[in-house]
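Student: Okay, here's the structure, questions in a sec.
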There are 4 protein chains.
Amino acid sequence: MNEFQQRIAASFAAQGLMATLGARLALVAEGEVHIEMPFSIHLSQQQGFVHAGAITSIVDSACGYAALTRSPPGSEIVTAEFKTNFMRPAMGTRFLAVGKVQNAGRMLTVCTGEVRAFTGDGPDYKVVALMQATMVNVPAGA
Amino acid sequence: MNEFQQRIAASFAAQGLMATLGARLALVAEGEVHIEMPFSIHLSQQQGFVHAGAITSIVDSACGYAALTRSPPGSEIVTAEFKTNFMRPAMGTRFLAVGKVQNAGRMLTVCTGEVRAFTGDGPDYKVVALMQATMVNVPAGA
Amino acid sequence: MNEFQQRIAASFAAQGLMATLGARLALVAEGEVHIEMPFSIHLSQQQGFVHAGAITSIVDSACGYAALTRSPPGSEIVTAEFKTNFMRPAMGTRFLAVGKVQNAGRMLTVCTGEVRAFTGDGPDYKVVALMQATMVNVPAGA
Amino acid sequence: MNEFQQRIAASFAAQGLMATLGARLALVAEGEVHIEMPFSIHLSQQQGFVHAGAITSIVDSACGYAALTRSPPGSEIVTAEFKTNFMRPAMGTRFLAVGKVQNAGRMLTVCTGEVRAFTGDGPDYKVVALMQATMVNVPAGA
């Protein structure tokens, strides 16, 4: 792992919520981060699908870490805001959140993300959610 | 409890994610629902504050149930989309999500929500997040 | 007019789009700004109602100027992002955009706004749109 | 022109705001519509750049017409909500709004859009804004 992959792996391991959701880092590249989460009934809404909040949690983290790969040295990322569309029920055996940087400014980074639902072992998926997010660079330790 | 309070209590109990987050229904009124969640390190992001995704999960459920109180008989609510602003770190001993209906249409209901962070036993709080959400009425069992 | 009212009046007068839309400043108070726009067929969408873009333009300016009333001396406001819900057709003889500051930070200000449609001379209105927006403080002249 | 191109051209011509902004339809394809707008000082905000509201107007129309190309026969499209990020000042000699369908449902269509700023006659551009929008199918004439 290179330096930013190590830094993101350490930060991800410190996110209690990611462990609670059963999520794991699946890919860290410059400007793009993937987070995977298997289905669990402990993540459900009332109809048995995965709750919009759990779907949002993994794509928010994916977008935040994607932003971190493009942030100035010594900075942290916090989420200023995001918007998520839910296009179909979050049904599947596993979910992959893909976060990408669209524009990295000095202060603000704009990211887009999607969550893909897989129903079997194959590569086929359906996009269940789309995110557009604004991330803020803050000095680490601030 | 009246009929819609019973119905919402039953639906809430079926949301696996709410139990996973340690959240509970705190108020159900016509057009307004509150959900409370105590702080836990299992909900944290990398700095130890509550993750934006957990904050969003409770206010999404609060908005969805607020919409349900105004929906036609026999319908379910699903989230079409939401947008959340995070105004300060989610620090506190407990959090209260307040969801309110702003406009209930035949097909779509627009809600706003906020999440309040409390640091002690008193009534003082700071608003840490604001949501604006679109909920869809779908036939129950569809 | 006090200092910030003068400054906002001057800035508003420099917004070519506001003149193009026939909009005028209706109220400037600390943390709250109103902008009024009469109906015109030149602002319409295909059904003859006011276009979502014109509605958004006035409430964006109202939110931006509300943010300016709470910004540090010597700073300008630019819109980082906004989200608008349209709850009913924008029908009316005049429209009033109300922008309010919800939280003013050092760098970012979160505002909410609504657009009210009036159909006669009286005080009755319907809210046709809701906005939640993020404004950025930038040094003036930057 | 095929049938949906004719229908969209007629609808566009009925949007008073598009004429007011100096905008024109540049491309109509299945699931994708482009709208072009030259720079004019009549569209400006206080610093002389194009106002976020004008930028939003053209990308909202582009997304709406993209949705219309995928909607059931006999239906109209109205905007339920949109969210726009502004990534840099809208400077340029002309602007192109590109709206694309991401998912077309029976009731709701989710679109994404971007606005490209061109500074000369060449093909180079910068993306100044990103939109994520929810469009609703309504029966025509309703």
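The values are calculated or read from the model by the stated rules, or taken from the named source; none is laboratory data. What you are looking at is a predicted structure, and each value in this text was computed from that prediction instead of being measured. Every residue, glycine as well, gets a Cβ built from its backbone with ideal geometry; the counts of neighbours run over all protein chains shown.
Student: Suppose we filter A:Leu43, A:Leu27 for residues that are of a type outside the set (Lys, Arg) and within 22 Å of B:Thr84 (Cα to Cα); which single one remains?
Tutor: Exactly one of A:Leu43, A:Leu27 is of a type outside the set (Lys, Arg) and within 22 Å of B:Thr84 (Cα to Cα), namely A:Leu43.
Student: I've got another one for you. Residues of segment D:19-60 being among the hydroxyl-bearing types (Ser, Thr, Tyr) and more than 7 Å from chain C (Cβ to nearest Cβ), which ones?
Tutor: The one that is among the hydroxyl-bearing types (Ser, Thr, Tyr) and more than 7 Å from chain C (Cβ to nearest Cβ): D:Ser40.
Student: Among the residues of segment A:101-142, count how many are under 20 Å from D:Gln102 (Cα atoms) and touching a helix residue (DSSP H, G or I) at 6+ places or on another chain (Cβ under 6 Å).
Tutor: Within segment A:101-142, residues that are under 20 Å from D:Gln102 (Cα atoms) and touching a helix residue (DSSP H, G or I) at 6+ places or on another chain (Cβ under 6 Å) number 7.
Student: While we're on this one: Can you give me the number of residues within segment C:26-62 that are closer than 20 Å to C:Ala104 by Cβ and either modelled with pLDDT under 95 or of a type in the set (A, V, I, L, M, F, W, C) (or both)?
Tutor: Of the residues in that region, 7 qualify.
Student: Quick check on A:Pro73: is it modelled with pLDDT of 95 or more and either closer than 27 Å to B:Ile77 by Cα or not aromatic (Phe, Trp, Tyr) (or both)?
Tutor: No, not satisfied.
Student: Could you check how many residues of segment D:96-107 are more than 11 Å from the chain's Cα centre (by Cα) and either more than 20 Å from A:Ala129 (Cβ to Cβ) or crowded, with 22+ Cβ neighbours inside 10 Å (or both)?
Tutor: Total meeting the criteria: 0.
Student: From the residues in segment B:17-37 that are among the small types (Gly, Ala, Ser) and under 26 Å from A:Gly22 (Cα atoms), which one is surrounded by the fewest Cβ atoms within 10 Å (Cβ to Cβ)?
Tutor: B:Ala19
Student: Also: Please specify each residue of segment B:1-46 satisfying the condition of being in contact (Cβ under 8 Å) with a residue 40 or more places away in the chain, farther than 15 Å from B:Ser61 by Cβ and not hydrophobic (A, V, I, L, M, F, W, C).
Tutor: Those that are in contact (Cβ under 8 Å) with a residue 40 or more places away in the chain, farther than 15 Å from B:Ser61 by Cβ and not hydrophobic (A, V, I, L, M, F, W, C): B:Glu30, B:Gly31, B:Pro38.
Student: What are the residues in segment B:78-112 that are among the basic types (Lys, Arg) and assigned to a strand (DSSP E or B), if any?
Tutor: Matches in segment B:78-112: B:Lys83, B:Arg94, B:Lys100.
Student: Look through B:Ala140, B:Ala129 and report the one residue that is closer than 25 Å to A:Val50 by Cβ, surrounded by fewer than 16 Cβ atoms within 10 Å (Cβ to Cβ) and hydrophobic (A, V, I, L, M, F, W, C).
Tutor: That would be B:Ala140, the only listed residue that is closer than 25 Å to A:Val50 by Cβ, surrounded by fewer than 16 Cβ atoms within 10 Å (Cβ to Cβ) and hydrophobic (A, V, I, L, M, F, W, C).
Student: C:Val115: part of a strand (DSSP E or B), at pLDDT 95 or above and either more than 13 Å from chain D (Cβ to nearest Cβ) or over 30 Å from D:Ser75 (Cα atoms) (or both), yes or no?
Tutor: In short, no.
Student: Right, here's the next one. Given B:Ala14, B:Ala80, which one is modelled with pLDDT of 95 or more, within 7 Å of another protein chain (Cβ to nearest Cβ), within 15 Å of the chain's Cα centre (by Cα) and over 22 Å from A:Thr20 (Cα atoms)?
Tutor: After applying the criteria, what remains is B:Ala80.
Student: Conditions: (1) closer than 26 Å to B:Val127 by Cβ; (2) within 14 Å of chain D (Cβ to nearest Cβ); (3) buried (at least 21 other Cβ atoms within 10 Å of the Cβ); (4) more than 13 Å from the chain's Cα centre (by Cα). C:Ser75 meets all but one. Number of the miss?
Tutor: The failed condition is (3).
Student: Now for a different question. How many residues are within 14 Å of chain B (Cβ to nearest Cβ) and assigned to a loop (DSSP other than H, G, I, E, B) when one looks only at segment C:120-134?
Tutor: Total satisfying the criteria: 1.
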